[in-house]
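Accompanying notes for the structure given below.
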Amino acid sequence: MDLDPSVDLGSGAAGAIARLRGRAEAVLLAQSGHLLPWAPVALGVGIGTYFALPVEPGPWAWVALACVTALALLATWCLPAAFAPLALGLALAAAGLGLAGWRTWVVAAPVLEFRYYGPIEGRIVEIDRSASDALRLTLDRVVLEDVPPDRTPERVRISVRGDQRWLVAEPGRTVMLTGHLSPPSGPVEPGDFDFRQFAWFDRLGAIGYTQSPVLTRAPPDGSLWIGRLRTGLSKGIRDRIPGDAGGLASAVATGDRSGLSARANQAMRDSGLYHLVSISGTHMGLLVTFIFGLVRSGVALVPSLALRVNGKKLAALLALPAGAFYLALAGRDMATERSFIMVAVMLGAILCDRRAVTLRSVAIAALIVLVTRPEGLVNAGFQMSFAAVTALGVVFGSATQAWARRWRWAGPVALVLLSSVVAGLATAPYAGAQFNRYSAYSLVANLLAAPAMGILVMPGAALLGLGAGLGLAQPALLMLELGCRWILLVAELVGGLKGAVGGVPSAPSAVLPLLTIGGLIVILWQGRGRWIGLPVLVLALALWSAASRPDLLISGSGGIMAVLGAEGRAVSRPTGAGFEVEQWLAGDGDLAPQDEAAGRPGVIRGDRTAQAVVGGRDILLVRGARALAQVKGCDGADLLVTDQVAEGRPCLVLDASMLARTGAVAGWAEGGGLRLIATELWAGDRPWTRHRRQEPPPPLEFGP
């Protein structure tokens, strides 16, 4: 009997669907027991989506998101066991998006909407140094003349210039001065780092400087005592250890980096050792390890005590409050909080008889950090730290431990070498994308500096805190000084080598998410499906290598521009707007100084003018009112750029009033023309961008 073809086709399709479903269930069930590390990934996807949005979601969008979260949670109860984690992942992603939005609303504080010059009063809460090596004070309880309290920033940051020898800079002291304040600045080009977002979550409503005397309005009260303790300890260390060695010692011991000179900071960056300046997992881990080993060894040395007390758990129990005190002393910035959470999770694992360094402990730490500070996801420190510790957690698995036991004679050396290589490779893409540079000899520098950090510096810092009252202060200071001088010597020698630093072009916004997702698939997925992550990694690197840089860049002030040519980016003048130019050149992967870039062909430079041709369009830049008054119309240019107000010109004009709305402008030569993009349009309409403008910037188009 002949079979009906339609019946065969239907049965075949149903069978194929059933086989496909069964295979999917088998693959998903294979992930059972390995799902916890995916929880922060799902949460991070939602947080990252929030920060990538061009506009802030409205009320109905949040209602819809709440419904999606509820339905996804309900689906976890209704779906088969194999598919339930997918619904839970969707719920976590939606929760992450909502969590980031809630955090943005919670930290909201007034942002200065205009340039201010006049009296400033406030209480010192933080002390550090700017990139130009100027002392910098962060103030709260701010009072500004003729500015109502509801429009006064909650915190401001002021660079102190000139001779201020009478100033006693300590947390809690109320000071008064006369200075300049401005709103936090936006990106120097579309897609670049937006300082306004960082300032928003730090409740920093204005930045500025003063050249007038900073006078004391009131001495410190009982608040901020831990900050004064930090300042006092830091000053005591620098008084006994002169020079940059004292500055590095105080940075490591207390988190106060104000004593380290700009030259030393640059040497540490060029050599790849700057992570030793900022308190991170290295410092917290070494300190806690020293305390842990000290307590455990002390218990073992007393046989009667060792028989009655679990020395390992007691050591973990005592090392935890030592880490908490170090966290409080260092100022509780994001990097230090992240480090303490990871150390606390690992010590908790020891107390619970679990392995300390696993992907699960890393996942728990990541969840805590993302829930408490979701904005940390887009922070370079968060990305690099978790990239390093995740890679180390994978490498130092059972196979590596077995290898280490077999080659025990080379264990310490191999451990340092392998840790440096793994951490360096894991963080290299993030360092390159975030800072546009790499240290070619970072591995060598870290191999030379790491022993001093672990044997001298951190034990010295711990002894200084624990044994100062027992007469151990001098030996502790000697250990600190010897270790810090060696690290600085390594930084100077390695950072000064030819080719020690290289430039990396800016990565498109999709590159880091793709690199992260591809790497996580390779690391976390169980089974052959993990190799799907490799094409994702290749795609990310391909996008990075094929990224195009703007042919034209114009500063938000209208006072300087730069044109990309065959010999690199040419700048319109050798001085002025140094920060913007440095960022532009870094985005090209170009480490040349501004004066060198100003000597390149591509821009015709005058006394107060500059001319260039990009995409077939003539561009004229004019600085100053007198120079602008001498320009008739646009002098034949298609685009007139000026730091003054210019109205009624027969060309496209980017003057002071227009640039106040658009921010910096970038241009690409395309199809025989020039396409312009305003930074403010790229940045979108977000809470941290709204103070910049009262109305959205217009599209920038050339006339016929």
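The values are calculated or read from the model by the stated rules, or taken from the named source; none is laboratory data. All of these numbers come straight from a predicted model, not from anything done at the bench. Every residue, glycine as well, gets a Cβ built from its backbone with ideal geometry; the counts of neighbours run over all protein chains shown.
In segment 367-380, the residues that are in contact (Cβ under 8 Å) with a residue 60 or more places away in the chain form Cβ pairs under 6 Å with partners that are charged (D, E, K, R), at six or more places apart or across chains, as follows: 374/103.
Among the residues making up segment 149-184, a single one is free of Cβ contacts under 8 Å to residues at least 24 places away in the same chain and either among the basic types (Lys, Arg) or crowded, with 17+ Cβ neighbours inside 10 Å (or both): 165. Residue 142 falls short on exactly one of the conditions (1) farther than 24 Å from residue 108 by Cβ; (2) crowded, with 19+ Cβ neighbours inside 10 Å, and that condition is (1).
For every residue, the table says whether it meets (1) of a type in the set (S, T, N, Q); (2) closer than 28 Å to residue 368 by Cβ; (3) assigned to a helix (DSSP H, G or I); (4) modelled with pLDDT under 95.
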site: 17; (1), (2), (3), (4): no, no, yes, yes
site: 23; (1), (2), (3), (4): no, no, yes, yes
site: 28; (1), (2), (3), (4): no, yes, yes, yes
site: 32; (1), (2), (3), (4): yes, yes, no, yes
site: 35; (1), (2), (3), (4): no, yes, no, yes
site: 42; (1), (2), (3), (4): no, yes, yes, no
site: 46; (1), (2), (3), (4): no, yes, yes, no
site: 69; (1), (2), (3), (4): yes, yes, yes, yes
site: 74; (1), (2), (3), (4): no, yes, yes, yes
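Any chance segment 524-538 includes a residue that's in a loop (DSSP other than H, G, I, E, B), outside the structural domain of residue 42 (by TED's automatic domain parsing), exposed (fewer than 15 other Cβ atoms within 10 Å of the Cβ) and aliphatic (A, V, I, L, M)? No: zero hits. Within segment 529-561, the set of residues being among the basic types (Lys, Arg) and without any contact (Cβ under 8 Å) to a residue 40 or more places away in the chain comprises just one member, 530.
Residue 259 falls short on exactly one of the conditions (1) without any contact (Cβ under 8 Å) to a residue 60 or more places away in the chain; (2) over 22 Å from residue 487 (Cα atoms), and that condition is (2).
Scanning segment 104-122 for residues that are surrounded by fewer than 18 Cβ atoms within 10 Å (Cβ to Cβ) and part of a helix (DSSP H, G or I) gives 105, 106. Among the residues making up segment 490-502, a single one is among the charged types (D, E, K, R) and not in a loop (DSSP other than H, G, I, E, B): 492. When restricted to residues that are crowded, with 17+ Cβ neighbours inside 10 Å and either among the hydrophobic types (A, V, I, L, M, F, W, C) or in a helix (DSSP H, G or I) (or both), segment 503-516 contains 7. Sub-8 Å Cβ pairs linking a first residue in segment 454-474 that is more than 13 Å from residue 484 (Cβ to Cβ) and at pLDDT 70 or above to a second residue that is not small (Gly, Ala, Ser) and not in a helix (DSSP H, G or I), at least 6 apart or interchain, are 463/472; 466/472, ordered by first then second residue. Hey, among 158, 127, which residue is outside the structural domain of residue 247 (by TED's automatic domain parsing), under 30 Å from residue 370 (Cβ atoms), assigned to a strand (DSSP E or B) and among the hydrophobic types (A, V, I, L, M, F, W, C)? Exactly one residue qualifies, and that residue is 127.
The residues listed here are 315, 388, 363; of these, the one that is touching a Pro at 6+ places or on another chain (Cβ under 9 Å), farther than 28 Å from residue 171 by Cα and crowded, with 21+ Cβ neighbours inside 10 Å is 363. Just the residues that are assigned to a loop (DSSP other than H, G, I, E, B) and surrounded by fewer than 20 Cβ atoms within 10 Å (Cβ to Cβ), please, taken from segment 187-201. 190, 191, 193 - these are the residues of segment 187-201 that are assigned to a loop (DSSP other than H, G, I, E, B) and surrounded by fewer than 20 Cβ atoms within 10 Å (Cβ to Cβ).
Restricting attention to segment 559-579, does a residue exist that is of a type outside the set (Val, Ile, Thr) and assigned to a helix (DSSP H, G or I)? The answer is yes; a qualifying residue exists.
Scanning segment 489-517 for residues being within 24 Å of the chain's Cα centre (by Cα) and hydrophobic (A, V, I, L, M, F, W, C) gives a total of 11. Exactly one residue out of 258, 212, 223 is in contact with a strand residue (DSSP E or B) (Cβ under 8 Å, 6 or more places away or on another chain), over 30 Å from residue 449 (Cα atoms) and either in a loop (DSSP other than H, G, I, E, B) or not assigned by TED's automatic domain parsing to the domain that holds residue 484 (or both), and it is 212.
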